[in-house]
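What follows is one structure encoded as structure tokens, with my remarks underneath.
Just so it is clear, none of the values below were taken in a lab; they were calculated from the coordinates. Just so you know, these numbers come straight off a predicted model, no measurement behind them. Cβ placement follows ideal geometry from the backbone for every residue including glycine, while neighbour counts extend to all protein chains displayed.
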Amino acid sequence: MTYNLACKDTGIDCPFVAQGKTMDEMMEVAVKHAKEKHGYTDEQLNDPKMQKEIKAAVKEE
Ligand SMILES: [Zn+2]
């Protein structure tokens, strides 16, 4: 199984898709990308509303 998180599914106009074999692995990639490319902070990413939006956008394949 692969976990995918497309940046565009979180409302950002960006073609990046984070992938990982586990949720944690994928989230690590997604968080790194969000910080480096979109300037998000840990505080913003750990916000419960943001966490909910992120989890809603995750696809399992
Ligand atoms: Zn992005």
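Please state the charge dipole magnitude for the range 14-61, taken about the Cα centre, from unit charges on C-beta atoms (+1 on K and R, -1 on D and E), reported in debye and rounded to the nearest 20.
Numbers: 8 positive and 10 negative charges, 29 e Å.
Result for the range 14-61 is approximately 140 debye, rounded to the nearest 20.
Hey, could you get me the Stokes-Einstein D for the range 1-58, Kirkwood radius over alpha-carbon pairs, 20 °C and 1.002 mPa s, rounded to whole µm² s⁻¹? Spell out each step's value before the answer.
On the way: Rh = 11.2 Å.
Diffusion coefficient, whole number: 191 µm²/s.
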Task: Rounded to 10°, Cα long-axis angle of helix 23-38 versus longest principal axis of the chain - done: 40
TODO: Would you compute, from DSSP H runs of 4+ residues alone, the mean residue ellipticity of the chain at 222 nm, taking -39500 (n - 2.57) per run and dividing by the full residue count, rounded to the nearest 500?
DONE: -14500 deg cm²/dmol
Task: Degrees separating the helix 48-57 axis from the principal Cα axis of the chain, which is the longest one - done: 30
Open item on the list: Among H33, M23, C7, which residue has its Cα furthest toward the positive end of the charge dipole of the chain, with +1 on Lys/Arg Cβ and -1 on Asp/Glu Cβ?
Closed with: C7
Task: Proximal aspartates and glutamates relative to K32, as straight alpha-carbon distance under 15 Å, when same-chain residues fewer than 8 apart are discounted - done: D24, D42, E43
